[in-house]
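The structure appears right after this line, and notes come after that.
Nothing in this text is a laboratory measurement; each read-out follows from the coordinates by a stated rule. Keep in mind that this is a model prediction, so the values were computed, not measured.
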Amino acid sequence: MTRPETHASRAAHVKATWGKRCDILLFMSTEKDNSLPTVKLNVQEGPDFLWRKTRTAFRYVHRHYIDRADWFLKADDDT
């Protein structure tokens, strides 16, 4: 999970460091960013919408990746 304001300052560093060790690395955000790349979620940004953003991300993973991995780890860009 990331947000547009932290794509370059946090998410890019996840991609460059521990994210390289993941077989599949997905960045979920409310805006598209081809440099990561991100999956654009159709939810509002902000602390009041964190659960909706998380639920939408898990639905996306379930629909598109459920048979491609044995397990999944949800982490934020500041993890």
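Collect residues whose amide H, placed 1.01 Å from N in the peptide plane, falls under 5 Å from the amide H of T38; neighbours closer than 5 in sequence don't count.
HN-HN under 5 Å from T38: D33.
Please report the Cα spread of the stretch 32-79 along all three principal axes, rounded to whole Å, starting with the longest.
31, 25, 23
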